[in-house]
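Enquirer: The structure is given below, and queries will be raised subsequently.
Rule-based calculations on the coordinates, nothing more; no lab input. Quick caveat: nothing in here was measured; it's all calculated off a predicted structure. So basically every Cβ, Gly included, is an ideal-geometry build from the backbone, and we count neighbours across all protein chains shown.
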Amino acid sequence: MFLLEIFFKKYFHLVYPGNNDNEDLFKYLENETRIGYIQSRCAEYLDMKTFRHKICFDSGEYVDELEFYAPVGSSTIQQIINDRQDSDPIQLRRPAPDILPIIISKIANDMNSFIIPSEILNINSMLPRSPKYQLEAIICEINERQVIFIKHLSTNEWYYYQNKYTCEQFSSNLSENLNEIIQSRSIDRQTRLIQSAHFLVSMIFYNPIKYIYKQET
């Protein structure tokens, strides 16, 4: 995707320098290229085969994703992992997976408790000297249909996609709101922001079924 963006940029600046109409055309093509890339990533993550045997435990057992349980009350994914490692640690086998699929189930069905995805995940307690992982996508289920919310890691913009539909981009305000929730260091503030968020943003916290982290580059 990035090679295409570089091509478009060089082509339009060299052939049509200073032309506003062509600048608009370049932005349109650049955006269409990005959306096409994002949509292909979404389709890949909605295919269960993508996660087949993605995780290997130190015992040699392979699983498709890591599973954890969230305590009562709101918690970040990093805190949930840290608490599990303190009480009943798990160890992973090298090489570190390129993506890290995570499922988290609530112990109690409390509508005022939220699982808050950590922007960056440190799994050194499970795999020493491992790379850090960036939050890339969250798969939600609404009325038995899966919707994936995915972040373009270079721009911090969010998109959402459902099979057989066109990939759509969040408005700037919605992307900023979601990033603000995830990046906040106060659980109380995060909870307040979630409860007052637009329904598209709130779906991520009320209906998640899987979180997908990608190795930080």
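Enquirer: Can you tell me the length gained on complete extension of the stretch S171 to F199, counting 0.36 nm per residue apart and subtracting the Cα distance?
Expert: Working: separation 28, 0.36 × 28 = 10.08 nm, distance 1.31 nm.
Stretched fully, the S171-F199 segment lengthens by 8.8 nm.
Enquirer: Which one of L127, Y161, Q146 has its Cα pushed farthest toward the positive end of the charge dipole of the chain, where Lys and Arg give +1 and Asp and Glu give -1 at the Cβ?
Expert: L127
Enquirer: Give the angle, between 0 and 90 degrees and rounded to the nearest 10, that separates the Cα long axis of helix 172-183 from the longest principal axis of the Cα atoms of the chain.
Expert: For 172-183 against the chain, the angle is about 30 degrees.
Enquirer: Would you mind computing, in nm to one decimal, how far apart the modelled labels at Q78 and H53 are, each placed 7 Å from Cα along Cα→Cβ?
Expert: Rounded to a tenth, the inter-label distance reads 3.3 nm.
Enquirer: Going by how many other beta carbons lie within 10 Å of each one, how would you line up D88, D98, D83, fewest first? Please report the intermediate quantities before stating the final value.
Expert: On the way: D88 7, D98 10, D83 15.
Listing D88, D98, D83 from fewest to most nearby Cβ atoms yields D88, D98, D83.
Enquirer: Would you order V201, V72 from fewest to most other beta-carbon atoms within 10 Å of each residue's own beta-carbon?
Expert: Working: V201 21, V72 10.
Least to most surrounded, the residues fall as V72, V201.
Enquirer: Sort S196, S113, S75 so that the residue with the fewest other Cβ atoms within 10 Å of its own Cβ comes first and the one with the most comes last. Kindly include the intermediate steps, with their values, before the conclusion.
Expert: Numbers: S196 10, S113 17, S75 22.
By the 10 Å Cβ count, ascending: S196, S113, S75.
Enquirer: Also, I was wondering about something else. Restricting the calculation to Cα positions, tell me the Rg (one decimal) and the Dmax (whole number) of the stretch 45-166 in Å.
Expert: 15.2, 44
Enquirer: A follow-up question, please. Which of K106/K132; K132/K210; K54/K132; K49/K164; K54/K164; K151/K214 have a Cα-Cα distance over 22 Å? List each step's numbers first, then the result.
Expert: Numbers: K106/K132 25 Å; K132/K210 18 Å; K54/K132 17 Å; K49/K164 18 Å; K54/K164 26 Å; K151/K214 11 Å.
Pairs exceeding 22 Å: K106/K132; K54/K164.
Enquirer: Further question on the same structure: Put a dot 7 Å past each Cα toward the Cβ at Q91 and D64; how far apart are the dots in nm?
Expert: According to this spin-label approximation, the distance is 2.8 nm.
Enquirer: Taking a ≥ b ≥ c as the square roots of the Cα gyration tensor eigenvalues, with a/c under 1.5 meaning rounded and otherwise prolate when a/b beats b/c, else oblate, which class fits the stretch 105-206? Intermediate values should be presented prior to the final figure.
Expert: Numbers: a/c = 1.38, a/b = 1.18, b/c = 1.17.
Because its axes are fairly even, with a/c under 1.5, the stretch 105-206 counts as rounded.
Enquirer: Among (1) 14.0; (2) 11.8; (3) 19.5, only one was calculated for this model; which label is it, if the read-out is mean projected area of the Cα convex hull in nm²?
Expert: It is the value labelled (1).
Enquirer: Please give, to one decimal in nm, the separation of the simple spin-label points placed at I187 and R129, each 7 Å out from Cα toward the Cβ.
Expert: Here the modelled spin labels are 3.4 nm apart.
Enquirer: Counting other Cβ atoms within 10 Å, keep those with at most 10, restrict to DSSP loop, and tell me which GluC sites (Glu not before Pro) in the stretch 111-217 are left. Can you show the working numbers first?
Expert: Working: sites: E119, E136, E141, E144, E157, E168, E176, E180, E216; in loops: E119, E144, E216.
Answer by residue number: E144.
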